[in-house]
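Participant: Questions regarding the structure given below will be posed in turn.
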Amino acid sequence: MSSTAIIGIGELVTCDGTDPDLLGIRSNAALVAEDGMIAWIGPAADVPAADTKIDVDRRVIIPGFVDSHSHLVFAGDRGAEFAARMTGQPYDGGGIGVTVAATRAASDEELTGLLAARIDELHTLGTTTIEIKSGYGLTVGDEVRALRIARQFTAETTFLGAHVIPAEYARDRAHYVDLVAGPMLQAAAPYARWIDVFCEPHSPHAFDAEEARVVLSAGADAGLALRVHGNQLGPGPGVQLAVELGAATVDHCTYLDDDDVDALAAVAESTVATLLPGVEFCTHSPYPDAARLLSAGVAIALATDCNPGTCYSSSMPWVISLAVREMGLTPAQALYAATAGSAKSLRRTDIGRLVVGNRADLTVLDAPSYLHLAYRPGVPIARALSLSASGETPAA
Ligand code: NIG
Ligand code: FE
């Protein structure tokens, strides 16, 4: 057993309540971790003896960010697509095929190396738990490969064979849906905790409500829990489908009508609306009104959606600053959504909050207060200080 005491904490943000406005901030507090778990939190004057002491010199300690939505297993580059979009080209998901081709052509070693570098990057930005989707393989072998590689880095892996209809099935959508819901799912399920679908009638490449229902229902039958990409490019059925099928989260929620908001509020205990403001930023889309969601009683999370098409950033601090500036959240609500809220979208209670018994996944802010996350956009003030064995939950 090895123990570490964190002392000299200027502000300890625990996120230990259920109210996003109350971050559970403690001053003059210390924290002791034992074997990667939080063993003690209390007044600094009473800190028990520990094998190692880390003095953070009046910096802020927050729960490590939980990034509950990413697509990090890919090769290739779509910088030119981004540049075209900034001069007016709309996003419709068609660029995903470019990444699929580059990813299929990459070796296992290349993909693993690219993913490892991206994981290092997000740790340096303060993220300690990452969800990773497949979805740039779209064959049985390539989807399984992506999940197998992702599984080396996180237990939160998501099968996204239903990302887009691959070019070779463009005239035969039904057969691709059968493949995803049948043999591809059976092969992928041992490597995935979740299944996700890009449910988007506004994209010719993505899946309509009935196709999405077939895939998600098959995933549930195979023992996977559900996530949904919904309401990204326009109003659509994604939110209602996610609620109906008991998904843990519906992500994007860029275009919501009153019925969508009411439906999400009614299931706030079990289904989260995950907001991805980096996508709105990088696709010139309108930002959803997060304040409206909170006041209606919807549970929200924030994540990056880091991917080569709609948001090539793994920075949760940047996402927080966007959510505050553009989506009507207070800095406290945004930080809560990026930690405890995002953990809820992964149905995890052991992360996202600093309480005794939880994982000691800590992030240090080089700042006098958590407000600086939104107040100093683009400045690298956050870094992960994970005291748990690997910084990630080991794969089951
Ligand atoms: O979440 N919407 C679908 N998938 C990603 C984008 C993937 C890509 O363009 O490569 C998203 O925005
Ligand atoms: Fe996504």
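Participant: Taking the residues in the stretch 115-137 that are among the charged types (D, E, K, R) and outside any loop (DSSP other than H, G, I, E, B) as candidates, determine which candidate is nearest to the chain's Cα centre (by Cα). Please lay out each step first, then the result.
Facilitator: First pass over the stretch 115-137, keeping only residues among the charged types (D, E, K, R): 118, 120-121, 131, 133.
Right, trim to outside any loop (DSSP other than H, G, I, E, B) and you get 118, 120-121, 133.
Details: 118: 14, 120: 16, 121: 15, 133: 10 Å.
Filtering first and then ranking leaves 133.
Participant: Select from the stretch 135-145 the residues that are within 18 Å of residue 109 (Cβ to Cβ) and within 14 Å of ligand 2 (Cβ to nearest atom) and list them in ascending order.
Facilitator: 136
Participant: If you don't mind, another one. Six or more apart or on different chains, Cβ atoms under 8 Å: show the pairs whose first residue is in the stretch 269-291 and free of Cβ contacts under 8 Å to residues at least 60 places away in the same chain and whose second is basic (Lys, Arg) and within 14 Å of ligand 1 (Cβ to nearest atom).
Facilitator: Within 8 Å, no pair qualifies.
Residues are listed down the side, and each one gets a yes or a no for (1) in contact with a Ser or Thr (Cβ under 6 Å, 6 or more places away or on another chain); (2) not acidic (Asp, Glu):
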residue	(1), (2)
227	yes, yes
232	yes, yes
239	no, yes
246	no, yes
250	no, yes
260	no, no
268	no, yes
271	no, yes
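Participant: Quick one: which strands (runs of 3 or more DSSP E) lie wholly within the stretch 1-114 and hold at least 1 residues that are at positive phi and in contact (Cβ under 8 Å) with a residue 40 or more places away in the chain? First the steps, then the outcome.
Facilitator: Details: elements: 3-7, 11-13, 29-34, 37-43, 52-55, 60-63, 65-67.
No strands (runs of 3 or more DSSP E) qualify here.
Participant: Here is a further query. Would you point out which residue out of 280, 326 is closer than 26 Å to residue 235 by Cβ and more than 16 Å from ligand 1 (Cβ to nearest atom)?
Facilitator: On inspection, the qualifying residue turns out to be 326.
This table checks each residue for (1) of a type outside the set (Phe, Trp, Tyr); (2) in the same structural domain as residue 167 (by TED's automatic domain parsing); (3) under 19 Å from residue 272 (Cα atoms); (4) surrounded by fewer than 24 Cβ atoms within 10 Å (Cβ to Cβ).
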position: 205; (1), (2), (3), (4): yes, yes, no, yes
position: 216; (1), (2), (3), (4): yes, yes, yes, no
position: 232; (1), (2), (3), (4): yes, yes, yes, no
position: 238; (1), (2), (3), (4): yes, yes, yes, no
position: 245; (1), (2), (3), (4): yes, yes, yes, yes
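Participant: Does any residue of the stretch 322-329 turn out to be touching a residue at least 40 places away in the same chain (Cβ under 8 Å) and either more than 27 Å from residue 82 (Cα to Cα) or in contact with a Leu (Cβ under 8 Å, 6 or more places away or on another chain) (or both)?
Facilitator: Yes, because at least one residue in the stretch 322-329 is touching a residue at least 40 places away in the same chain (Cβ under 8 Å) and either more than 27 Å from residue 82 (Cα to Cα) or in contact with a Leu (Cβ under 8 Å, 6 or more places away or on another chain) (or both).
Participant: Residue check: is residue 67 acidic (Asp, Glu), under 30 Å from residue 297 (Cβ atoms), at pLDDT 95 or above and within 15 Å of ligand 1 (Cβ to nearest atom)?
Facilitator: Here the answer is yes, as residue 67 does meet what is asked.
Participant: Right, next: Every residue in the stretch 161-178 that is away from ligand 2 (no atom under 16 Å from the Cβ) and buried (at least 18 other Cβ atoms within 10 Å of the Cβ), please.
Facilitator: Once the filter is applied, which keeps residues that are away from ligand 2 (no atom under 16 Å from the Cβ) and buried (at least 18 other Cβ atoms within 10 Å of the Cβ), the stretch 161-178 yields 165, 166, 176, 177.
Participant: Turning to a different aspect of this structure: Please go through the stretch 123-137 and pick out each residue that is away from ligand 1 (no atom under 16 Å from the Cβ) and under 22 Å from residue 223 (Cβ atoms).
Facilitator: Residue satisfying the conditions is 129 alone.
Participant: Also: Given the conditions (1) within 23 Å of the chain's Cα centre (by Cα); (2) over 30 Å from residue 107 (Cβ atoms), which single one is not true for residue 94?
Facilitator: (2)
Participant: Select, from 376, 325, 359, 292, the only residue that is of a type outside the set (A, V, I, L, M) and either crowded, with 22+ Cβ neighbours inside 10 Å or under 19 Å from the mean Cα position of the chain (by Cα) (or both).
Facilitator: Checking each option against the conditions leaves just 359.
Participant: For residue 45, state whether it is outside the structural domain of residue 118 (by TED's automatic domain parsing) and at pLDDT 95 or above.
Facilitator: yes
Participant: Suppose the filter is touching a helix residue (DSSP H, G or I) at 6+ places or on another chain (Cβ under 7 Å) and crowded, with 22+ Cβ neighbours inside 10 Å; does residue 70 pass it?
Facilitator: Against the criterion (touching a helix residue (DSSP H, G or I) at 6+ places or on another chain (Cβ under 7 Å) and crowded, with 22+ Cβ neighbours inside 10 Å), residue 70 does not qualify.
The values are calculated or read from the model by the stated rules, or taken from the named source; none is laboratory data. Computed from a prediction, not measured in an experiment: that's the story for all the values here. Counting neighbours? That spans all protein chains shown, and the Cβs are built from the backbone with ideal geometry, glycine included.
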